[in-house]
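Structure first, then comments.
Derivation of every value follows stated rules applied to the coordinates shown; laboratory data play no part. Since we're looking at a predicted model, the values are computed, not measured. Cβ: placed from backbone, ideal geometry, glycine included. Neighbour counts: every protein chain shown.
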Amino acid sequence: MKILVTGAAGFIGFHLVQRLLNEQIDVVGLDNINDYYDINLKYARLAETGIYAPKEKDHSGGKNRTYQEIDFGKMISSVTNAKYRFIRLNLEDKPAIKQLFEQVKFDVVVNLAAQAGVRYSIINPDTYIQSNIVGFMNILEACRHNPIKQLIYASSSSVYGANAKIPFSEEDQVDHPVSLYAATKKSNELMAHTYSHLYKIPTTGLRFFTVYGPWGRPDMAPMIFTNAISKGEPIKVFNNGEMERDFTYINDIVEGITRLINQDADEPNLYRLFNIGNGSPVNLMEFVSTIEIALGKKAEKIMMPMQNGDVKHTWADLKKLRGVTDYTPSNNIVEGISEFSKWYLKYFAL
């Protein structure tokens with residue numbers, strides 16, 4: 001089996017690549033390594049899978065290590081795993097995506113590449129249209145002209161908007177997004193449905209719920225809070241702490257994706273859509289307290305009002321995914337934050 005993982009230098013993509021390689025699957029990773037957040041973190045993730053080495057004579061570790069830049073369009077083989085190759089591309093580059101699909105002939109595509117971030121979509125909307133809409137269209141077209149067994153793609157719990165009904169179910173209406181990011185993810189679901197209907201492409205959309213863990217994104221609450229608390233700096237607590245998130249540990253997310261990869265989507269269920277989360281929301285103040293305990297430090301809190309684009313609650317109904325794959329999250333918030341904190345202290349202390 002040959003699998004393409006887009007967003008391979010990203011948080012979820014990196015962990016998925018590691019899991020697939022551990023299972024001896026041939027993988028091609030793709031990422032544009034943009035500067036939405038620290039590219040050295042992205043290069044460090046790639047280095048963990050044997051893609052490119054640190055700069056010559058650079059023997060530092062963690063955040064202080066610097067990496068040679070990877071050129072666009074150049075396929076690189078892992079120096080540690082013969083089953084892994086990586087290519088730096090933009091999803092918006094239609095000719096390059098077309099050429100890659102024609103050359104490699106993938107069996108499964110896992111599209112995790114996207115411009116992420118709810119708040120960033122408010123100040124930089126153009127990037128979301130290009131990456132999340134145009135880029136996803138190019139993936140769909142490539143799958144159309146190069147038949148695959150299944151396209152798995154990242155949607156988001158943000159499509160539920162300010163839905164007052166909880167837990168969120170795949171059957172709920174999602175026609176009222178409260179951010180452009182959410183709107184692009186809903187658009188991806190509609191686009192996938194169209195291609196499944198017209199061209200019989202098996203597509204599986206995953207609505208991720210607040211993923212966290214080692215090697216996580218710097219723009220997400222776990223990293224922001226941990227960074228500030230460890231440095232003795234204040235943290236901003238929005239909506240005065242009256243928020244809940246269905247925090248989901250990265251290993252559970254990867255387990256769910258892997259189970260779906262190994263399960264073909266056939267007619268009459270060519271188009272599938274699943275929540276993938278922890279199924280147990282955590283109050284924001286409890287989340288902060290868990291980080292405080294893990295770090296052994298108290299947080300200085302600045303209570304803030306609700307921000308545009310945010311929602312008060314997220315909570316995944318997992319019955320549909322559980323019924324198909326027997327998916328059951330196995331990592332609670334205490335265990336997950338403990339593992340995340342250990343990684344954070346090691347990576348940022350070096």
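Can you tell me which residue among Pro214, Pro218 is touching an Asp or Glu at 6+ places or on another chain (Cβ under 8 Å), surrounded by 19 or more Cβ atoms within 10 Å (Cβ to Cβ) and in a loop (DSSP other than H, G, I, E, B)?
Numbers: Pro218 fails: surrounded by 19 or more Cβ atoms within 10 Å (Cβ to Cβ).
Going through Pro214, Pro218 in turn, the sole match is Pro214.
Give the stretch 68-82 a look and list any residue that's part of a loop (DSSP other than H, G, I, E, B) and either closer than 15 Å to Asn32 by Cα or touching an Asp or Glu at 6+ places or on another chain (Cβ under 6 Å) (or both), or say none.
Within the stretch 68-82, Gln68, Glu69, Ile70, Asp71, Gly73, Lys74 qualify.
Scanning the stretch 139-161 for residues that are assigned to a loop (DSSP other than H, G, I, E, B) and touching a strand residue (DSSP E or B) at 6+ places or on another chain (Cβ under 9 Å) returns Ile148, Lys149.
Being in a helix (DSSP H, G or I) and more than 30 Å from Val110 (Cβ to Cβ): is that true of Glu233 here? Answer is no for this residue.
Here the stretch 279-329 is the region considered, the condition is being surrounded by 13 or more Cβ atoms within 10 Å (Cβ to Cβ) and of a type in the set (Gly, Ala, Ser), and the residue that is nearest to Trp343 (Cα to Cα) is Ala294.
Looking only at the stretch 105-121, how many residues end up being surrounded by 15 or more Cβ atoms within 10 Å (Cβ to Cβ) and more than 20 Å from Asn262 (Cβ to Cβ)? Give the steps one after another, and end with the answer.
If we filter the stretch 105-121 for residues that are surrounded by 15 or more Cβ atoms within 10 Å (Cβ to Cβ), which is where we start, we get 106-118, 120-121.
From what is left, the residues that are more than 20 Å from Asn262 (Cβ to Cβ) are 113-118, 120-121.
Residues in the stretch 105-121 being surrounded by 15 or more Cβ atoms within 10 Å (Cβ to Cβ) and more than 20 Å from Asn262 (Cβ to Cβ): 8 in total.
The residues on offer are Asn111, Asn22, Asn40, Asn81, and the sole one that is touching a residue at least 60 places away in the same chain (Cβ under 8 Å) and either within 20 Å of the chain's Cα centre (by Cα) or under 19 Å from Phe208 (Cβ atoms) (or both) is Asn111.
Checking each residue in the stretch 178-193 for being surrounded by fewer than 19 Cβ atoms within 10 Å (Cβ to Cβ) and more than 19 Å from Asn138 (Cβ to Cβ) picks out only Val178.
Of everything in the stretch 236-257 that's among the polar types (S, T, N, Q) and surrounded by fewer than 19 Cβ atoms within 10 Å (Cβ to Cβ), which residue is nearest to the chain's Cα centre (by Cα)? Within the stretch 236-257, the match that is nearest to the chain's Cα centre (by Cα) is Asn251.
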